[in-house]
Each structure stands twice: as structure tokens, then as C-alpha cells.
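Below: the structure, in C-alpha cells.
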Amino acid sequence: MKQELKNHLLPLLGIFILTSILWILQKALWYNFIFLFFGLLWGSFFLDTDHLIYWFYLEPNLEESRLAQIAWKKGDFKSLLKLLESTHLLHTNLIFHHYFFQIIITLISFFVFTSSSGIFPKAFLLAINIHLLTDEIIDFQKDPEHLKLWLFAREKKQLPTSALKYYLMTIAIINLLFTIFLISSQ
């Protein structure tokens, strides 16, 4: 779980530090830093709610789902995190970890980044996009077939494994644009 936190929080920490330095030089309003921080933080964990949806609504009859429900009712979040750590690779039919969601969130992000002045929604959306991209890159490096399994779940036709690299590069470039939009928001 520590590695998972590093994978998701380090890129966002880098964005926070870079953005903060540039905003300090531009004499940004102090509360923009708070909106930036909380937007990045909450967005980084938002996709993990997908596993709760899996346990509580999509597959509530699985043994791991029963364990998750018991831990949730007891407020034993430490056990819930341990269960997530040991079973998250088996969750291949998630709502937010799907290419269609990624397309929708990218379109929403383009709209928000180009038409809104709010720092929090931009930071929140950027964190969601980077979290999903990070998961995809890590899975692509470990096992591209597993990436295809969850990214294109519920699809009869899937992207060829050889094309995944280009898909990820495209998403990475889009995320770079979102990062530039966020930094220049001030």
C-alpha cells in the first residue's frame, strides 16, 4: 500500500510544488494554495471509491465483499485498506477504471480547464486523470494484458496490445496540457 501511495502522491506532490513556486513568483492569493492542495488530495483518492462500489454494489456476494462490508460497519479502515491492497488486482470490472470513463472525464476536464477559473475543480480533475494514468502505466509495465482486462472490461472488441503504448502516450500528453493549464490558472 505504501508503494501505491508513492505512485499516486509523488507526481501530485511534484505538481503542487512546481505550481506553488510559480504562483509565489506571481504573488497568488493565499487561499488558491489551499484549493490546490485539497483538490489534488481528494482527486488522488477519488478513484479508490471504485473499489467500494465494487464491494458494496457490483459484487456484494463475494467473500472479500463480505469482509469489506464487515470492516466498513466496524469502522476498521485499516483492515479495509489491507483487504484493498490484497485484492485490488482482481477488480477488473470497475466503473471509474474503464476507458469510457477516461474519455468522459477527459472531456469534462477540457471543459473545466478551458472555461472555469476555479482552482479546486481543476486540481481535483487533474488528480483523477493522473491517478488513472499512473495505474495504467504501472499495469502496462507489469502486464499489458491485465491492463487491457480492466481498461476495456465489458468490451467485445479491445485495443490491440501493440496500440496500448500510443493510447497511454496520448493520455499522458493530454495530462501534461491539463497540468500546464492548472499552473497558468493563477
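Summary of values
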quantity	calculated
Per-residue ³J(HN,Hα) for the range 29-45, Karplus 6.51 cos²θ - 1.76 cosθ + 1.60, θ = phi - 60°, Hz, x for Gly and Pro	5, 4, 6, 5, 5, 5, 4, 4, 4, 5, x, 5, 5, 5, x, 5, 9
Accessible surface of the chain, 1.4 Å probe, proportion on carbon and sulfur as whole %	70
Quarter of the Cα convex hull surface for the chain, i.e. its orientation-mean projected area (nm²)	11.4
Mean Cα-pair separation over length for the chain, i.e. relative contact order, pairs under 8 Å, 6 or more apart, %	30
Heavy-atom surface of the range 5-98, accessible at 1.4 Å and reported per residue (Å²)	62
Longest exposed-site-free window of the chain, the sites being trypsin sites (Lys or Arg not before Pro) in a DSSP loop that have at most 11 other C-beta atoms within 10 Å	28-153
Non-local Lys pairs in the chain, i.e. 8 or more apart or on different chains, that have alpha carbons under 27 Å apart	29
Gained length - ILE95 relative to LEU81, 0.36 nm times residue gap less alpha-carbon distance	3.1 nm
At most 10 other Cβ within 10 Å, DSSP loop - chymotrypsin sites (Phe, Trp or Tyr not before Pro), the range 2-68	none
Fully extended contour minus Cα-Cα distance, from MET169 to ILE34, at 0.36 nm per residue	45.5 nm
Convex hull volume of the range 30-103 per residue (C-alpha atoms, cubic angstrom)	113
Prolate/oblate/rounded label for the range 111-186 (Cα gyration tensor, a/c 1.5)	prolate
Fraction of alpha-carbon pairs over 12 Å apart in the range 91-136 - percent	62
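The values are calculated or read from the model by the stated rules, or taken from the named source; none is laboratory data. None of these values were measured; they are calculated from a predicted model. Glycine also receives a Cβ, built like all others from the backbone with ideal geometry; neighbour counts cover every protein chain displayed. What goes into the accessible areas is simple: the full protein's heavy atoms, side chains included, and nothing from ligands, DNA or RNA. Shrake-Rupley method; radii C 1.70, N 1.55, O 1.52, S 1.80 Å.
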